[in-house]
Amino acid sequence: MLEIFLIGALSAIGCGLTGPVLLLRRRVLLGDAVSHSVLAGIGIAFWIHPVVNSPWLRLGAALSGCCAAWVATKLTGILRGRADAALGLVFPLFFSIGALILAIKASNTHLDVDQVLSGNLESSWLERFRLGGTDLGPQAAWNMLLIVVALLAAGWIWWRDLQLYLFDPQQGQILGRPMAFLEILVVVATTSVIVFSFDAMGPILLVALLAGPGICAWFLTSQIGPFFLATVAAGLLSVLAGTGLACALDLNIAGSIGLAAFLIALGTLLMAPDHGMVFRLLQANRARIRFVARLLAVHICQHEIKGDQASENTRVGLRDHLKLSEKEVAAGALWLQARSLAVWENQILVSTHAGKIFAKSLAEGQDSTDGQMGGEIQRPASLM
Amino acid sequence: MAKEPLPPAEAVVRLEDVTVAYGDRPALWDVDLEIPKGSLTAVVGPNGAGKTTLMKTMLGLLKPATGRIEILGESLAHSKGKVAFVPQRSSVDWDYPATVGDLALMGTHGSLPWWKPVGKEEKRRAREALEMVDLVGLADRPINQLSGGQQQRAFLARALSQDAPLLVLDEPFQGIDASTERAILDLFRNLRRMGRSLIVVHHDLHTVRDLFDFSVLLNVRVVAAGPTESTLNEENLRATYGPRLGLDPRRAPHGPYDGARP
Ligand SMILES: Nc1ncnc2c1ncn2[C@@H]1O[C@H](COP(=O)(O)OP(=O)(O)OP(=O)(O)O)[C@@H](O)[C@H]1O
Ligand SMILES: [Mg+2]
């Protein structure tokens, strides 16, 4: 159990380090595409060396995954950024090459398409890593550990270049940074994570771990460093919750991790500070009062200048002319009173000196009191 | 409004016989051009004249079919990072998780080896750049919450924080309000005074005449290039834009530039 969790956790870290790259370049489904494209490499490797379970198959898989990702990346450039179209073209091609070869060459062995496509976390620990006869744990964990260490090292060395590459490669080129190299690096890094963790997890869970934690990060932060950290953390949490769930209810582990990733993403969507939906609902009410208060402040000042405040600036006048409810007028006036911007005098709302200055600054488009204009709620990223 | 005298003619950019083509259709024909160091240079010409193409070629983003390019006396390969650029249209994804401060800091990314973290010096440069474009107040704002003009100014800040001796700006005033435009034009003149060279693609011929000391008139070929007084005349403008355009102050959209902030 612990070993399965370890494999899952290392995969989650690997996915957490590459997921943001895919997410920010809008190609999360590269995970799915690459994991299907490996079939071409498996097919060709099997054709050349027809033994099931040979390391050649895995090498072929890795190579063809890289190849597919590279072709897709180049094609995306040619199609001016349409990554979905490029992937849609490349991945069926590679998949069908593999499927055809396997159908012809491997029809009489038990190597079939289904087997290649469904990873199995439960049995991933069966393959052991042995050194001089001692059992050092599951092979899959060592593979992922190696990849995670390599990713961390590369990320550390090319951290600033990676930011340029993700945001504005043209600027990176102008600064003389090796953007073409970074493109290769990103392709190799993402495909190696995909190929190796897909071995253990299968393509669906892989995509869930690439997308879900990254989406959590969208709602939690607007800086790139924390973005990566949040993704890794959410991925680890998904694996922890998923394996826990699977243990408790005796379920399929991959399935429960996928479910956990989805639930955690959903939870963040609802609960995240600033961008989360619950937060925004809570905010909406406060924002509405702030907005009404500002309306009132500007409105009463205008009529004080005109001189018809006796008829306009009463509760009824304000309610009818500004199309507000009585409660809203009361709440807005209270907001102004609390800040000494206006007072009720003989049933008329009268602005104070500070209130006049406040109204003037609002009319000039400056909003000095607590930052934001009411009603304007910060919009999260375009994912909404 | 007196203009400073031109510094001694040393070239910041030198192009010899440069032809740039998209496919087999040349956008720039046989360009010979020498832009003096320390000048505030305007590149003017009609839409499709090849101005953006010229800028991108100088930056090494486009490969010329023929010709030689030198930046500050060095070939393009050796002048990386010495030119800062504000593009005309940028296809970046504004949902990228970064704040305005992070964006300004990106200009300094070229000058640090990988093992050094961003230090005080880089932060100071980014902050100064934000001050110059009047965005310090928004330094912590995520970039996806900026208006179009603020985005443009954030890009300007990124170029400024690069601390490059040559700044290339492709129509930097698109979507920028009149008072900010004047503030930025003042900033350009200050930078020039501090010894930087600027090349600006700009469409308002009146500010070009009043503010820029060197002009390049471009329409696929270089029609004329030289000090603005002697270059920006009726004859050359007609040769660049066709017969219907003149430099008539009565039709000035903004009136002559008086150098003062409103
Ligand atoms: N990517 C491209 N592929 C093919 N042709 C192009 C491309 N970009 C520009 N061109 C062509 O090259 C010519 C010069 O374009 P360029 O963008 O340099 O013009 P410009 O002077 O910057 O115009 P504007 O004032 O509209 O910005 C135009 O005729 C244009 O059609
Ligand atoms: Mg242009």
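Within the range B:221-241, restricting attention to residues that are in a helix (DSSP H, G or I) and within 13 Å of ligand 1 (Cβ to nearest atom), the residue that is surrounded by the fewest Cβ atoms within 10 Å (Cβ to Cβ) is B:Tyr241.
Selection of the range B:53-87 for residues being within 13 Å of chain A (Cβ to nearest Cβ), assigned to a helix (DSSP H, G or I) and crowded, with 16+ Cβ neighbours inside 10 Å yields B:Met55, B:Lys56, B:Thr57, B:Met58, B:Leu76. Could you tell me whether B:Arg196 is more than 14 Å from every other protein chain (Cβ to nearest Cβ), away from ligand 1 (no atom under 16 Å from the Cβ) and not hydrophobic (A, V, I, L, M, F, W, C)? Against the criterion (more than 14 Å from every other protein chain (Cβ to nearest Cβ), away from ligand 1 (no atom under 16 Å from the Cβ) and not hydrophobic (A, V, I, L, M, F, W, C)), B:Arg196 qualifies. Would you point out the residue of the range B:73-115, among those that are out of contact with any helix residue (DSSP H, G or I) (no Cβ under 9 Å at 6 or more places or on another chain) and not small (Gly, Ala, Ser), that is nearest to B:Glu171 (Cα to Cα)? Once the filter is applied, the top-ranked residue is B:Lys82.
Just one residue in the set B:Trp94, B:Trp114 is among the aromatic types (Phe, Trp, Tyr) and either in contact with a His (Cβ under 6 Å, 6 or more places away or on another chain) or modelled with pLDDT of 85 or more (or both); that residue is B:Trp94.
Residues in the range B:153-177 that are in a loop (DSSP other than H, G, I, E, B), acidic (Asp, Glu) and either within 11 Å of chain A (Cβ to nearest Cβ) or within 16 Å of ligand 2 (Cβ to nearest atom) (or both): how many? Talk me through it step by step, then tell me what you get.
Initial filter on the range B:153-177 (in a loop (DSSP other than H, G, I, E, B)): B:162-165, B:171-177.
Retained after the next criterion (residues that are acidic (Asp, Glu)): B:163, B:171, B:177.
Next cut, either within 11 Å of chain A (Cβ to nearest Cβ) or within 16 Å of ligand 2 (Cβ to nearest atom) (or both) only: B:171.
So the answer is 1.
Tell me which of these A:Gln163 doesn't satisfy, since it passes every other one: (1) within 14 Å of another protein chain (Cβ to nearest Cβ); (2) touching a residue at least 40 places away in the same chain (Cβ under 8 Å); (3) more than 24 Å from the chain's Cα centre (by Cα). A:Gln163 satisfies all of (1) within 14 Å of another protein chain (Cβ to nearest Cβ); (2) touching a residue at least 40 places away in the same chain (Cβ under 8 Å); (3) more than 24 Å from the chain's Cα centre (by Cα) except (3).
Scanning the range B:120-170 for residues that are open to solvent by 20 Å² or more (accessible area, probe 1.4 Å) and either at positive phi or within 16 Å of ligand 1 (Cβ to nearest atom) (or both) yields B:Asp134, B:Gln152, B:Asp163.
Going by what's in this entry, would B:Val44 be described as open to solvent by less than 10 Å² (accessible area, probe 1.4 Å), under 20 Å from B:Ile199 (Cβ atoms), within 16 Å of ligand 1 (Cβ to nearest atom) and touching a His at 6+ places or on another chain (Cβ under 7 Å)? Outline the logic, then answer.
Working: open to solvent by less than 10 Å² (accessible area, probe 1.4 Å): yes; under 20 Å from B:Ile199 (Cβ atoms): yes; within 16 Å of ligand 1 (Cβ to nearest atom): yes; touching a His at 6+ places or on another chain (Cβ under 7 Å): yes.
Considered against the rule, which asks whether it is open to solvent by less than 10 Å² (accessible area, probe 1.4 Å), under 20 Å from B:Ile199 (Cβ atoms), within 16 Å of ligand 1 (Cβ to nearest atom) and touching a His at 6+ places or on another chain (Cβ under 7 Å), B:Val44 comes out as yes.
Pairing each residue of the range A:285-308 that is more than 11 Å from A:Leu322 (Cβ to Cβ) with any residue that is surrounded by fewer than 17 Cβ atoms within 10 Å (Cβ to Cβ) and basic (Lys, Arg), provided the two are 6+ apart or on different chains, yields C-beta distances under 8 Å for A:Cys301/A:Lys360. In the range A:247-315, counting only helices (runs of 4 or more DSSP H) that sit wholly within it, the ones holding 2 or more residues that are surrounded by 19 or more Cβ atoms within 10 Å (Cβ to Cβ) and in the same structural domain as A:Ala208 (by TED's automatic domain parsing) span A:253-271.
Results for (1) more than 19 Å from the chain's Cα centre (by Cα); (2) assigned by TED's automatic domain parsing to the domain that holds A:Ile101; (3) assigned to a helix (DSSP H, G or I), shown as yes or no for each residue.
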site: A:Gly16; (1), (2), (3): no, yes, yes
site: A:Gly43; (1), (2), (3): yes, yes, yes
site: A:Pro50; (1), (2), (3): yes, yes, no
site: A:Ala69; (1), (2), (3): yes, yes, yes
site: A:Leu75; (1), (2), (3): yes, yes, yes
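Return only the number of the condition from (1) open to solvent by 10 Å² or more (accessible area, probe 1.4 Å); (2) closer than 23 Å to B:Val133 by Cβ; (3) within 8 Å of another protein chain (Cβ to nearest Cβ); (4) not in a helix (DSSP H, G or I) that B:Asp102 does not satisfy. If we test B:Asp102 against (1) open to solvent by 10 Å² or more (accessible area, probe 1.4 Å); (2) closer than 23 Å to B:Val133 by Cβ; (3) within 8 Å of another protein chain (Cβ to nearest Cβ); (4) not in a helix (DSSP H, G or I), just (4) comes out false.
Could you run through the range B:19-52 and say how many residues are in a strand (DSSP E or B) and touching a Phe, Trp or Tyr at 6+ places or on another chain (Cβ under 7 Å)?
Within the range B:19-52, the first condition is being in a strand (DSSP E or B), and the residues that meet it are B:19-22, B:25-36, B:40-44.
If we keep only those that are touching a Phe, Trp or Tyr at 6+ places or on another chain (Cβ under 7 Å) too, we end up with B:19, B:35-36, B:40-42.
Within the range B:19-52, residues that are in a strand (DSSP E or B) and touching a Phe, Trp or Tyr at 6+ places or on another chain (Cβ under 7 Å) number 6.
Just one of the numbered conditions (1) part of a loop (DSSP other than H, G, I, E, B); (2) within 16 Å of ligand 2 (Cβ to nearest atom) is not true of B:Gly195: (2). Count of the range B:105-129 residues, restricted to those that are closer than 18 Å to B:Pro87 by Cα and more than 11 Å from chain A (Cβ to nearest Cβ), is 1.
Scanning the range A:318-336 for residues that are within 14 Å of A:Ala297 (Cα to Cα) and part of a helix (DSSP H, G or I) returns A:Leu318, A:Arg319, A:His321, A:Glu328, A:Val329, A:Ala330, A:Ala331, A:Gly332, A:Ala333, A:Leu334, A:Trp335, A:Leu336. For the range A:177-207, filtered to residues that are farther than 17 Å from A:Ala12 by Cα and open to solvent by less than 30 Å² (accessible area, probe 1.4 Å), the residue that is modelled with the lowest pLDDT is A:Val187.
Only one entry of A:Ala310, A:Ala331 meets the criterion of being in contact with a strand residue (DSSP E or B) (Cβ under 9 Å, 6 or more places away or on another chain) and of a type outside the set (Asp, Glu), and that entry is A:Ala310. In the condition set (1) farther than 25 Å from A:Ala153 by Cα; (2) part of a helix (DSSP H, G or I), A:Gly81 is compliant with all but (2).
Taking the range B:39-52 as the range and being within 12 Å of ligand 2 (Cβ to nearest atom), β-branched (Val, Ile, Thr) and away from chain A (no Cβ under 14 Å) as the test, the residues that pass are B:Val43, B:Val44.
Take the conditions (1) more than 30 Å from B:Asp93 (Cα to Cα); (2) surrounded by fewer than 17 Cβ atoms within 10 Å (Cβ to Cβ); (3) touching a residue at least 40 places away in the same chain (Cβ under 8 Å); B:Leu218 misses just one of them, which is (2).
The values are calculated or read from the model by the stated rules, or taken from the named source; none is laboratory data. Just so you know, these numbers come straight off a predicted model, no measurement behind them. All Cβ positions, glycine included, derive from the backbone under ideal geometry; neighbour counts span all protein chains shown. Just so you know, the surface numbers come from the protein's heavy atoms only, side chains and all, with ligands and any DNA or RNA stripped out. Shrake-Rupley method; radii C 1.70, N 1.55, O 1.52, S 1.80 Å.
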